[in-house]
Amino acid sequence: MKRFLLLLCTLLCLCGCDPDERLAKERQMTLVYLAGNNNLSDNAVSDYNDIKAGWLPTTRGSDKVLLVYHHYLLRDEKTYEVIDKTPVLVRLSKDRKGNVVEDIIQTYPEETNSADPQTLATVLADAEMAWPSAHHSIVLWSHGSGFLPPGYYRNPQERAQEDPVFTEADPYAFMVKAGDDAIKSFAEDNGKEMDLLDLRKVLSRFHYDFIAFDCCLMGNIELAYELRNICDYLLFSPTEILTDGFPYEMMMQAIFNQPTETALRNIAQSYMAHYRAYTDEMYQSATISLVSTAGLPALASACQTVFHNHQDQILMIDRSRVQQYFRGDKHWYYDIDDLVKQVADDNEYRAFNRALNQAVIYRDATEYFFKDTDPYGMVHYDIKFEHYSGLSIYIPRPEYTVLNNYYKTLAWNQATGLVQ
């Protein structure tokens, strides 16, 4: 009799539950946010086509949903000039015959600015309304400059006396998702930039299985700590990223068919293999890091001890002896492990290193970032990786008043006291 009553109750619960609600609890949705209305527009189109060329969820299935926000570029067949760049939110899938299906979920006004936090918020809301999901993940694609406040990368307006100043144009700007147009924390669209704090507020609408940044210079502890409570994993690069970007042809199969950590490790390995396979040594330039956000509070605690005990040493450190992750005079990104190792005592460093390895669970780097040989046979490196922990950090200087005041608003500084 008890078994019968239990079965009856189960059936009644199932009958009273909306099938769409049950499916939403199981649904996995990944959004690729291609903020490419800038000088990377052709690269955005190329990566969008790479996504379509790879594995896609089935059209009939609704437990796995892939959505892409991008500026649909319609070009004149003769002049190749863009005559329409309407932003759209598209569901990508494959039908029974293996044909790619592009269902437009939402169309936005042409003047929509992808670097406006409200645009990202609207896209997230539209995606959730169309496909309510329990499991979210997002790939953010554009320019990037990490934790810096809007506009600071291009025009910091303040320099320390010893800062080098490079007046020559960057000869490799066309190869990376940075260069002179990288003036923002995330995204760029007609001069507008998205501040890291605004990005965090918008993304806080959901909790994500992972957030991946296909943008330059996003692999810093400041950004990671700011986003620690809204995702389980972060995939990003502490250096610039070449315009090839992520390995999109294989990414979706991994994301939708493997456990999250396994999928992200495989994506990171494919990413590095792609750049190491180049026969041109110049393109053998890449870094990648996978962070488990569960390990970030312990890392902050370990760093707080070091920063409190060695504040004067940090301010006086010779930054030229700390592993850099930047090129030119963009001197806001240094290796966190190399910094701490040079100022901490043995016990402090051991505690820090344990915490770092629990947070950064996968890291890899090529031997260098941009290698060139001059006419005299001398080899030059923009960055030579003698030390690679997978996370960059800002080394403060009192002269940087604007940056230091902004830095104090970041959760990382509030937890560690790096900038006093």
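Here, each number is a calculation from the coordinates, and none is a lab measurement. Computed from a predicted model, the values in this text were never measured in an experiment. Note: ideal-geometry Cβ built from the backbone for every residue, glycine included; neighbour counts use all protein chains shown.
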- prompt: Which value, in debye to the nearest 20, gives the size of the charge dipole of the chain about its Cα centre, when Lys and Arg are +1 and Asp and Glu are -1 at the Cβ?
  reply: 1740
query: What are the DSSP H helices in the chain that stretch 15 Å or more along their long axis, judged by alpha-carbon atoms, and whose average Kyte-Doolittle hydropathy comes to at least 1.0?
result: 2-15
Cα centre as origin, Lys/Arg/Asp/Glu Cβ charges: the range 289-380 dipole, Debye: 220
message: From the Cα trace of the range 214-263, what convex hull volume per residue do you get, rounded to a whole Å³?
response: 80
- request: Output the Kirkwood hydrodynamic radius of the range 176-334, Cα pairs only, in Å rounded to one decimal.
  value: 17.4
P(r), alpha carbons of the range 218-306 - 5 Å bins starting at zero, rounded %: 3, 13, 21, 20, 19, 12, 7, 4, 1, 0
Segments 390-397, 90-97 sorted - mean Cβ within 10 Å per residue, highest first: 390-397, 90-97
statement: Spelling it out for VAL90: with amide H atoms placed in the peptide plane at 1.01 Å from N, the residues 5 or more places away or on another chain with amide H under 5 Å from its amide H are VAL68, TYR69, HIS70, ILE105
task: Please give the FRET efficiency for ASN99 paired with SER301, using the beta carbon to beta carbon distance and R0 = 51 Å, rounded to the nearest 0.05.
output: 0.45
message: Just to be sure I understand: of the beta bridges DSSP finds with both ends in the chain, what percent are antiparallel, rounded to 5?
response: 60
task: Count charges around TYR388 for me, please; just the other residues with Cβ under 11 Å from its Cβ, Lys/Arg as +1, Asp/Glu as -1.
output: -4
- prompt: For the range 185-251, what is one quarter of the convex hull surface built on the Cα atoms, given in nm²?
  reply: 5.2
task: For the range 377-420, would you read off the P(r) tail past 18 Å as a percentage of all alpha carbon pairs?
output: 47
field: Dipole of the chain [Lys/Arg +1, Asp/Glu -1 at C-beta], most positive-end residue of ASN38, THR416, HIS331
entry: THR416
Positive-end extreme of charge dipole, the chain - chosen from GLN28, PHE352, VAL68 (charges on Cβ): GLN28
- request: Jot down the per residue volume, in cubic angstrom and as a whole number, of the convex hull over the alpha-carbon atoms of the range 277-403.
  value: 134
- prompt: Going toward the positive end of the dipole of the chain, with +1 on Lys and Arg Cβ and -1 on Asp and Glu Cβ, which of MET251, VAL123, HIS136 do you reach last?
  reply: HIS136
query: Of all the Cα-Cα pairs you can form in the chain, what percent are over 34 Å apart?
result: 33
query: Listed highest first by mean packing, meaning other Cβ atoms within 10 Å per residue, what order do 320-328, 372-380 come in?
result: 320-328, 372-380
- prompt: Taking H as built 1.01 Å from N, whose amide H comes closer than 5 Å to the amide H of LYS64, not counting residues under 5 places away?
  reply: GLN28
- line: Once amide hydrogens are built 1.01 Å from N within the peptide plane, the residues lying 5 or more places from PHE210 or on another chain with amide H under 5 Å from its amide H are ILE138, ASP232, TYR233
- prompt: Over its Cα atoms, what ratio of radius of gyration to 2.2 N^0.38 Å does the range 243-293 give?
  reply: 1.21
query: Among the lysines, which fall within straight-line cross-link reach of LYS330, defined as a Cα-Cα distance under 29 Å, with same-chain neighbours fewer than 8 residues apart omitted?
result: LYS177, LYS184, LYS192, LYS201, LYS341, LYS371, LYS384, LYS408
